[in-house]
Amino acid sequence: MRITRPFAALAAMATAGVVLAGCSSDAGNQAEDAADNSAAVETDAEFEAGTTMAELNEAGAITIGTKYDQPGFGLLDPSGTPEGFDVEIGKIIAAKLGIPEDGITFVETVSANREPFIQNGQADIVVATYTINDKRKEVVDFAGPYYEAGQDIMVAAGNPLGIAGPEDLAGKNVCSVEGSTPAENIRTNYPEATLTLFDVYSKCADALTNGQVDAVTTDNVILTGLVAGNPEGFELVGNPFTEEPYGIGLAKGDQEFRDFINDTLEESFEDGSWADAWDATAGAISGTEAPEPPAVDRY
């Protein structure tokens, strides 16, 4: 397993306004790099009859929920095809099931609809910057984590209001999205802030640009992608104040499927495919090498 620089380096680069290239110009490179590093499909994969793995393998198809507006993790490229680190993690799992890329259907899952999509069978798994927490575990299960993020704050370039951390949000209009853990954290622990909520973070970025809000808060890796897309307009405060373990959501009680995904993740950590996925997506935008992967929590 490669030992590389932690995510803090990525956040620091964004804080300083340092990016290799804008998100739009990197989109084609991401797609090309990801294609070069696609996981090999397990053509001889076999699973016990009656398991979710067997059903998906026999169908040769899987539906994966992901974000469509988060550079580096889940974003539609100019042709309308999802790309990003979450997308590549989904492809790794599909390949281990014996499902090729043309057997994957990606559907957009925003923060507020991830649990319903899993519960209603609209997605077999959700890989969408999806923080594992106890409230969500009441209705869905999680494999992972496969990445550790932290809540941070994005402000206008130059930080004209001098926001250094969440304590400085009192009296400020702060944007996040419905159904997200960062929004709930602000609502619960920093009630002096005025919270403006949208369904996707790109609308928060627009609101910051036009002066409708004073700051945007969510996971640092999401904000870093937004800063990379507009380094002259935004900057990251660079002071993470939570821990956000990203997991893969799946149906509640499907222990065999969860074990399979956890095994697949750990294998990807060891064989380098997880790091390759990072390098081709989030790493291509930020200019950082893959961090050390987190320990899987087999709760």
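Under unit Cβ charges (Lys, Arg +1; Asp, Glu -1), what dipole magnitude, rounded to 20 debye, does the range 151-236 have relative to its Cα centre? It would help to have the intermediate numbers written out before the result.
Numbers: 3 positive and 12 negative charges, 20 e Å.
In total the dipole reaches around 100 debye.
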Cut-off 18 Å (backbone N to label point 7 Å along Cα→Cβ of Leu76), residues of the range 197-213: 199-206
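Quick check on packing: order 117-130, 75-88 by the mean number of other C-beta atoms within 10 Å, highest mean leading. Provide the component values of the computation, followed by the final result.
Working: 117-130: 22.7, 75-88: 20.7.
Descending mean neighbour count gives 117-130, 75-88.
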Whichever lysines have a C-alpha closer than 25 Å to that of Lys135, once near sequence neighbours (fewer than 8 apart) are set aside: Lys67, Lys252
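Among residues other than Ala54 whose Cβ falls under 9 Å from its Cβ, what is the net charge (Lys/Arg +1, Asp/Glu -1)? Don't skip to the end; give the middle numbers.
Values: positive: none; negative: Glu46, Glu48, Glu55, Glu58.
With Lys, Arg at +1 and Asp, Glu at -1, the net is -4.
Just check the range 37-143 against the gyration tensor rule for me: Cα atoms, a ≥ b ≥ c as the square roots of the eigenvalues, rounded for a/c under 1.5, and otherwise prolate or oblate depending on whether a/b exceeds b/c. Intermediate values should be presented prior to the final figure.
On the way: a/c = 1.96, a/b = 1.15, b/c = 1.70.
Cα axes put the range 37-143 in the oblate bin.
For the range 151-236, what is the percent of antiparallel DSSP beta bridges, rounded to the nearest 5? Let's see the in-between values first.
Details: 7 of 14 bridges.
Given both bridge residues lie in the range 151-236, the antiparallel proportion sits at roughly 50 percent.
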Environment charge at Leu169 (Cβ cut-off 9 Å; Lys +1, Arg +1, Asp -1, Glu -1): -3
Burial ranking of peptide ranges 235-241, 267-273 (average Cβ count within 10 Å, highest at the top): 235-241, 267-273
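To the nearest µm²/s, what D does Stokes-Einstein give for the chain at 37 °C and 0.692 mPa s, using the Kirkwood radius over alpha carbon pairs as Rh?
Working: Rh = 19.2 Å.
Translational D for this selection: 171 µm²/s.
Throughout, read-outs are computed from the coordinates displayed, never taken from laboratory work. Keep in mind that this is a model prediction, so the values were computed, not measured. Here the Cβ is made from the backbone with ideal geometry for all residues, glycine too, and neighbour counts use every protein chain on show.
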